[in-house]
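The values are calculated or read from the model by the stated rules, or taken from the named source; none is laboratory data. All figures in this text were calculated on a predicted structure; none of them were measured in a lab. Note that we place each Cβ from the backbone using ideal geometry, even for glycine, and neighbour counts take in every protein chain shown.
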Amino acid sequence: MSDEKADNPMTVKQLIGVVLATIIGIPVFLFFAVKLFTGGMALDAGSPTMTNEAIAARIQPVGLAKLDESGPPGSRAGKAVYENVCISCHGAGLAGSPKFADAAAWGARISKGYATLVEHAVKGINAMPAKGGAADLTDDEVARAVAYMGNAAGAKFTEPAVKGAAGAVAAAGAKVDPATKGKEIYESTCVACHGSGAAGAPKFGDKSAWAPRVKVGLDALVASGIKGKNAMPAKGGYGGSDEEFHAAVEYMVNAAK
């Protein structure tokens, strides 16, 4: 009998213990491994940096960023360029890039001046490749993105105007329809603050917040907005004509009546 025990060093109880330890231990090991490599970081699934588009932009190789080609070359606004290209790093502040709307992170950069920031963005600087890796961007489109990001952090940069057919129509004095153009500008630019009432901006459709502003008159509101006021940069960061900006203000005012 003693010889049989010597040949069978592991008892049934020990074997069961090993199996249970394996079943329980592997998931526990994986859990702590994930916590270790993520630093215990809790992810906010509702964050703009966690959208499918933002994640896809972050994991694609540098240089493969591609914008929507529906508009003519050079016509993309700063917001569109940011959401399609720049957000991959600036959305979360990756690789030492200043995080979007982080005034402290952007302060020193804004103080260098708009032209310097644009030059760095076009040519590339530190870990950032030229044009953020989107070689199909024009210099003006990069400049608009710089203005959009800088203004979100407190700057008062003006995006370069869109040249070409749209610019020619505006130059010819074509009348801007507030109901269509105003809505378009609001949804592409003004919504950044007026959509939620951020930075003291009157929230879209909030009659009580807009009431004292409506009292001063539409023209006075437009004139104040063109120059910029308090935390709001000139034209709210919009790079189009004064007439188009007028349409955006009129659209918001009408929504609050």
Inset, instruction - Enumerate the pairs (first residue in segment 190-213 and not assigned by TED's automatic domain parsing to the domain that holds LYS235; second residue anywhere and part of a helix (DSSP H, G or I)) with beta-carbon separation below 7 Å, excluding pairs fewer than 6 apart on the same chain, so at least 6 apart or on different chains. - result: none
Inset, instruction - Identify the residue in segment 219-257 that is among the aromatic types (Phe, Trp, Tyr) and farther than 19 Å from ASP206 by Cα and, among all such residues, is surrounded by the fewest Cβ atoms within 10 Å (Cβ to Cβ). - result: PHE245
Inset, instruction - Could you list, in sequence order, all residues of segment 97-129 that are more than 13 Å from VAL146 (Cα to Cα), outside any loop (DSSP other than H, G, I, E, B) and either modelled with pLDDT under 90 or among the aliphatic types (A, V, I, L, M) (or both)? - result: ALA103, ALA104, ALA105, ALA108, ILE125, MET128
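Taking only segment 198-233 into account, find how many residues are among the β-branched types (Val, Ile, Thr) and part of a loop (DSSP other than H, G, I, E, B).
1
Within 24 Å of the chain's Cα centre (by Cα) and of a type outside the set (Phe, Trp, Tyr), is that true of GLY200? Quick ask: steps written out before the conclusion?
Values: within 24 Å of the chain's Cα centre (by Cα): yes; of a type outside the set (Phe, Trp, Tyr): yes.
In short, yes.
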Legend entry - Near pairs, Cβ below 6 angstrom, 6+ apart or cross-chain, from segment 79-92 (charged (D, E, K, R)) to any residue that is part of a helix (DSSP H, G or I): LYS79/TYR148; LYS79/SER188
Inset, instruction - Take segment 220-257 and flag every residue that is closer than 17 Å to ALA155 by Cα and among the charged types (D, E, K, R). - result: LYS227, LYS229, LYS235
